[in-house]
Amino acid sequence: MTPLLLAEQILNGLQFGVMLFLMAAGLTLIFGVMGLINLAHGSLYMVGAFAAAAAAGATGSFALGLAAALAAAAMAGALVEILVIRRLYARDHLDQVLATFALILIFSEGTRWLFGSFPLFLDVPGALSGPVTLPGGIQYPLYRLALIGIGLLVAAGLGLLIARTRIGIQIRAGENDREMIAALGVDISRLYTLIFALGAALAGLAGALVGAIQSVQVGMGEPVLILAFVVIVIGGIGSIKGAFIGALLVGLTDTLGGIFLPELFKLFMEPATATSAGASLASMLIYILMGAVLIFRPTGLFGSRA
Amino acid sequence: MITERHLNLLILAGLILVPLWAWAADEPFTITLATRAVIFALAAAGLNIALGIGGLVSLGHAAFFGIGGYAMGILAHHAQSYTALSTWPFLIEGTKSMPVIWLVAIVTSALAALVIGLLSLRTAGVYFIMITLAFGQMFYFFTISWAAYGGEDGLSIYIRNDFPGLNTLDPIQFYGLCLAILCAVLFATARLMRAPFGLALNAARQTPARVETVGLDPTRLKLAAFVISGAITGLAGALFADLNRFVSPTMFSWQMSGELIVFIIIGGTGRLFGPVVGAATFVMLEHWLGGLSEYWLIYLGGMLLAIVLFGRGGLIGLLTRREGGA
Amino acid sequence: MTVVLEARGITKRFGAVVASDAISLDLRAGEIHAVIGPNGAGKSTLIAQISGSLAPDAGSVQLLGEDITALPPRLRAKKGLARTFQISALAMEDTVLQNVLLGAVGAAGSPWRFWRSVGADRDLRGKAEAALERVGLLSEAHRVVATLSHGQRRQLEVAVALTLAPKAFLMDEPMAGLGTEGSQRLTAMLDGLRREAPILLVEHDMDAVFALADRISVLVYGRIIATGSVEEIRANAEVRAAYLGEEA
Amino acid sequence: MKMKSLMLTAAVAALATPALAEVKVGMITTLSGGGAGLGIDVRDGFMLAIKQSGRDDIEVVIEDDQRKPDVAVQLADKMIQSEKVDVLTGIIWSNLAMAVVPSVTAQGKFYLSPNAGPSALAGKGCHENYFNVAWQNDNLHEAAGSYANTAGYKNSFILAPNYPAGKDALTGYKRFFEGNLAGEVYTQLGQTDYAAEIAQIRASGADSVFFFLPGGMGISFLKQYADSGVDIPVVGPAFSFDQGILQAVGDAALGVVNTSQWSKDLDNEANTAFVASFEAEYGRLPSLYASQGFDTANLLISAVEAADVSDADAFRAALEAADFASTRGAFKFGPNHHPIQTIYAREVIKEGDVYTNKIIGVALEDHADAYAADCKM
């Protein structure tokens, strides 16, 4: 393997990680502030992708598609929070798991009922399509570079939001002490709806951005959801910084593992077996990573509480 | 309103009478459905020991269900193809005998539960949920690409395995066998809940600090519960494989783990017959709703949601008043 | 008199705050030794280090001459140190009897029995009922703890500790939240307990402390500023200034 | 516990007196969740043929397997034990077929496969009551390998998911492809991002790419491949270029060559009528799966006309004769009851606003599968 190819693969891992971060950020925010496990986060990702595909299909504009994705996911998130989720804050994790599991069923089949059983079309916007040549001669799709850029911007934005703004102060206060922020005169139920909608919008954004280079279909949210959970558990639940580091770790591990493990196995196996065995191990790799992290740091890399 | 004890007796009567009626009325499929419900109930009864009594929310119990299934699949596969499982260091042959298969299923899933529990119990709360999920996913991905035993296609066993003195291919006889195991496990669970172990485990869920100050180790108690729980779910997996005469990686999927939790909560967390009520309700809903609409999962989701939000204590909680006040 | 429990130079820092500043105290056979102090003096931190749920930065804890500093709470309990909690740590969904039976099971070291009902074990049941009898809860044995009054829960805490037949009691504010009457009843009960095993009593209720304590230690800002009999403490100027003065 | 199920009968008369139905068919297919599109197409194609036949003696019971093997097994039990069906059909996925077919045929029922054709059921595990009306799983991949030779490719990069059907696909391609392999990669089942594989393809020096990535995986791969600027030609089986999926891939699929035993523009009378009537009935273009469902139903109807289902030997012989007008033109069964058929190379084109396929040549003529020799029935 040439250094150039290696560099490209690292870039791929980063890009994958950044996308995972968009998913994981909302999830970890919601857990950090409200203490809620939301299995339906993947459904909001799907809602974003479908809204983007529908809007972009109707108007021909990718930007309008993105706006639709943000709006639809945020609205769906707010609605779900008001109707269902807010009754779950005081419950144990078990009830939360079950209720949000039920929400997955409703979202998935509801989407299928609205949009049918076939995947929808959503394409990369014309201005961002095709590859560009990077220094060193790597040919890399412009859209993927844009994804990395957007992801980093969102990460920086979230960091600023939490460190500098009034809402951020409320969020941090909420993480530490619910009663305290109530005492500050903040309408806590409105704050929670807002945070949930923000998390949902992030998931919707990820869905729309990723939908352009993947398949917009029912059930697309669940594999990503599991990955996002792996990410926030590795990073430490509730920590945005942890989610960022965790996402990059998972992205790089998954991408590089898929490439190097089969190569590694070829050193002592016949090629056909090695390819298959390497791929098998690669598919288990991030779960092994997660298990290892938790065994040595039971609350994740940056986590403080269970 | 009736007491929980009376309701349990009623359920037990239903488990005996409905299939007998179906047998008399020559409705074998009803018996098959009941068998499915009973096996799911057994799997969930296993989980209930960890989750309901011990408070361990495991989102990876499909791992044990699958291990039990594959124990059956692999042993029977070798038996039907007349090949040895391994020839070194000593010869291991396949078998079609249910008792042997059950023993292997119980031992392997208990061992897996020991290892998984030992590692997972270092964490708590959400982290525990997630690390058990991760272990389940490892098994899932491993079996999908495990070419020797069919990978994603799974393994078909053409004829149901044997149990001495029974014709297991006869639906009512196989049902009776499964029901007997379920009853035995429920009885043992009832004993266990009243025995010193159950008392201590129950306290370890509610107040681990207290358990420590009387000189007991809550983590060890929970680990033991996890192992017992995994072993029972593994046994259920072996039976499930025999019901379908087929095993595949979907037995390991995280949705399977989720469904086991669903059974328990529908029925009523920590209640002896909770898993039975939950599994039976789920199997019935699956069938009635599945026939009503292509989009039946929406209705299922709505019902689950209603049960979590408004029916605390599950169906048993709705139907009974609790003994001992409150 | 024999020293049963002894803390030597216990020190604990949280960042810049010194929560326990080289605390030394002892508990002798047959006595009730009360530790008092204003809020934030470090009483809870001290209890946590003696019971083993928090490791001290420096210092040691000894029970009957044996160093137990490195032992977790579970093993300290086995050695004979029984504690009660400030905020009741009872199994709220269980009955009174079940909670005491847990103590009996722990004392017998026999949780690995899966078949025979714990209630059918005469030995365990006898121990549990005797403990309930002593705290006056036997008539409530089959009530669920969640339905008990605050005072009854306090009594139950003590009953669980009794089942362990301990060498020393460690009681974290047992009077907290009790009314006058409840407080008096519990005082009377603890009074009789000291003959069985000495009590290290961390308490806010001054009436109870002055009624019960053989000796009193005063903890202020993580340091023990005085130890002595009730009279000595009442007369101690430093204590009056630092502590009683504020209360008055 | 009488289960209410979705029963569709061919004619109003049959509804009034269902007892008249002489043949009862159980269809187990995927109607909910991610893979529902395929099941719906098979069902619609099948029911269209039944409707067109005007017969009132065929009753079809349809159930949703949710793409779960254990549910499929349970439904098969229900069909046989409770509905007392004579013939089963409908399963889309190989792993579900492996779970259901052996026990169904062992119980003396007929099974007609409208889609899945796992190698185990074509070779040693074949059965006299099992008929595959679609293809043996390897067929389209073999055709792709053969097409690659014709196209003059010498060095292929091949990839498929790491599961049995994926391994069969690569084996099938290699069985016919005569050039070298620039790379062979197993991806994760359900994988959505192929950036790493595309980078490997770019660096491999291949002159062609063969991939088998069914469903959403193929959509993702094609979109990402098109966007990567790698312009090595791609070949694949029809699954990723089917009518239902193509619209979601869009321009990224244009010009790609894929192999199929059927195409909308296949010029024969049965097909022309099928395409027109399917579009009239359902308001969409038929897919590969719809054509397979349609052919399966017509095979069944031809057998019902020729023999009584209660006479298993006669009914089997009638099925073996395959005396029906297939949408693929010539169609006959090999000794293992799998099709011997011509497989075409198609190219993705755009007709107005709609993406579809056009036949550009024959990849394999009258092709049988590689496992027939192992079949002893």
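The values are calculated or read from the model by the stated rules, or taken from the named source; none is laboratory data. It should be emphasised that the depicted structure is a prediction, and the values quoted were computed from it without experimental measurement. Every residue, glycine among them, receives a Cβ derived from its backbone with ideal geometry; neighbour counts consider all protein chains shown.
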### Message
Test of understanding: among D:280, D:322, which residue is over 17 Å from residue D:242 (Cα atoms) and surrounded by fewer than 19 Cβ atoms within 10 Å (Cβ to Cβ)?
### Response
D:280
### Task
Mind telling me which of the residues B:141, B:174, B:135 ends up being in contact with a Lys or Arg (Cβ under 9 Å, 6 or more places away or on another chain) and either closer than 25 Å to residue A:101 by Cβ or not in a loop (DSSP other than H, G, I, E, B) (or both)?
B:174
### Query
In region A:1-49, how many residues are assigned to a loop (DSSP other than H, G, I, E, B) and under 21 Å from residue A:215 (Cβ atoms)?
1
### Query
Does any residue of region D:161-169 turn out to be farther than 30 Å from residue D:377 by Cα and in contact (Cβ under 8 Å) with a residue 40 or more places away in the chain?
yes
### Task
State whether the residues of region B:205-213 include one that is touching a residue at least 24 places away in the same chain (Cβ under 8 Å), in contact with a Phe, Trp or Tyr (Cβ under 9 Å, 6 or more places away or on another chain) and among the polar types (S, T, N, Q).
no
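Here's the yes/no breakdown for (1) part of a strand (DSSP E or B); (2) more than 9 Å from chain A (Cβ to nearest Cβ); (3) in contact (Cβ under 8 Å) with a residue 24 or more places away in the chain; (4) on the phi > 0 side of the Ramachandran plot:
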{"residue": "D:172", "(1), (2), (3), (4)": "no, yes, yes, no"}
{"residue": "D:181", "(1), (2), (3), (4)": "yes, yes, yes, no"}
{"residue": "D:226", "(1), (2), (3), (4)": "no, no, yes, no"}
{"residue": "D:231", "(1), (2), (3), (4)": "no, yes, no, no"}
{"residue": "D:267", "(1), (2), (3), (4)": "no, yes, no, no"}
{"residue": "D:271", "(1), (2), (3), (4)": "no, yes, yes, no"}
### Query
Does residue D:151 meet the test of being at negative phi, without any contact (Cβ under 8 Å) to a residue 24 or more places away in the chain and among the aliphatic types (A, V, I, L, M)?
no
### Query
Quick check, is residue D:128 surrounded by fewer than 24 Cβ atoms within 10 Å (Cβ to Cβ) and not assigned by TED's automatic domain parsing to the domain that holds residue D:300?
yes
### Message
Suppose the filter is among the aromatic types (Phe, Trp, Tyr), surrounded by 15 or more Cβ atoms within 10 Å (Cβ to Cβ) and modelled with pLDDT under 95; does residue B:29 pass it?
### Response
yes
### Message
Looking at region D:245-261, can you tell me whether even one residue there is modelled with pLDDT of 90 or more, of a type outside the set (Gly, Ala, Ser) and under 20 Å from residue D:49 (Cβ atoms)?
### Response
yes
### Qualifying residues in region B:211-220 (those that are surrounded by fewer than 24 Cβ atoms within 10 Å (Cβ to Cβ) and not polar (S, T, N, Q)) - the one farthest from residue B:120 (Cα to Cα)
B:217
### Task
For region D:253-262, name all the residues that are in contact with a helix residue (DSSP H, G or I) (Cβ under 8 Å, 6 or more places away or on another chain) and surrounded by fewer than 24 Cβ atoms within 10 Å (Cβ to Cβ).
D:256, D:257
### Message
Criterion first (outside any loop (DSSP other than H, G, I, E, B), at pLDDT 90 or above and more than 26 Å from residue A:258 (Cα to Cα)) does residue D:140 satisfy it?
### Response
yes
### Task
For residue C:136, indicate whether it is surrounded by fewer than 18 Cβ atoms within 10 Å (Cβ to Cβ) and assigned by TED's automatic domain parsing to the domain that holds residue C:98.
yes
### Task
Restrict the check to region C:106-126 and report whether at least one residue is at the interface with another protein chain (Cβ under 7 Å from one of its Cβ atoms), in contact (Cβ under 8 Å) with a residue 40 or more places away in the chain and touching a strand residue (DSSP E or B) at 6+ places or on another chain (Cβ under 9 Å).
no
### Task
Just name the residue that is nearest to residue A:238 (Cα to Cα) out of those in region B:119-128 that are touching a Phe, Trp or Tyr at 6+ places or on another chain (Cβ under 9 Å) and in a helix (DSSP H, G or I).
B:126
### Query
What are the residues in region D:122-173 that are of a type in the set (S, T, N, Q) and under 30 Å from residue A:283 (Cβ atoms), if any?
D:136, D:137, D:139, D:155, D:156, D:162, D:171
### Task
Go through region A:117-142 and give me each residue that's out of contact with any strand residue (DSSP E or B) (no Cβ under 9 Å at 6 or more places or on another chain), within 7 Å of chain D (Cβ to nearest Cβ) and either closer than 30 Å to residue A:239 by Cβ or small (Gly, Ala, Ser) (or both).
A:117
### Message
Going by what's in this entry, would residue D:104 be described as under 28 Å from residue B:291 (Cβ atoms), within 12 Å of chain B (Cβ to nearest Cβ) and either among the aliphatic types (A, V, I, L, M) or out of contact with any helix residue (DSSP H, G or I) (no Cβ under 7 Å at 6 or more places or on another chain) (or both)?
### Response
yes
### Message
So, in region B:144-163, exactly how many residues are more than 8 Å from every other protein chain (Cβ to nearest Cβ), part of a loop (DSSP other than H, G, I, E, B) and touching a strand residue (DSSP E or B) at 6+ places or on another chain (Cβ under 8 Å)?
### Response
2
### Task
Could you tell me whether region A:73-93 includes any residue that is touching a helix residue (DSSP H, G or I) at 6+ places or on another chain (Cβ under 6 Å), within 14 Å of chain B (Cβ to nearest Cβ) and closer than 30 Å to residue A:140 by Cβ?
no
### Subset of region C:109-133 that is under 17 Å from residue C:157 (Cβ atoms) and among the small types (Gly, Ala, Ser) - its residue that is surrounded by the most Cβ atoms within 10 Å (Cβ to Cβ)
C:128
### Message
Among the numbered criteria (1) of a type in the set (Phe, Trp, Tyr); (2) within 14 Å of chain A (Cβ to nearest Cβ); (3) buried (at least 16 other Cβ atoms within 10 Å of the Cβ), which one does residue B:273 miss?
### Response
(2)
### Task
Scan (1) touching a Gly at 6+ places or on another chain (Cβ under 6 Å); (2) assigned to a strand (DSSP E or B) for the single condition residue D:111 breaks and write down its number.
(1)
### Query
Going through region C:147-181 one residue at a time, which ones are hydrophobic (A, V, I, L, M, F, W, C) and in contact with a Gly (Cβ under 9 Å, 6 or more places away or on another chain)?
C:159, C:160, C:161, C:162, C:164, C:165, C:168, C:175, C:178
### Query
For region C:142-243, which fully contained strands (runs of 3 or more DSSP E) count at least 3 residues that are modelled with pLDDT under 90 and touching a strand residue (DSSP E or B) at 6+ places or on another chain (Cβ under 7 Å)?
none
### Task
Output the residues belonging to region C:83-105 that are more than 11 Å from residue C:144 (Cα to Cα), assigned to a helix (DSSP H, G or I) and more than 7 Å from every other protein chain (Cβ to nearest Cβ).
C:100, C:104
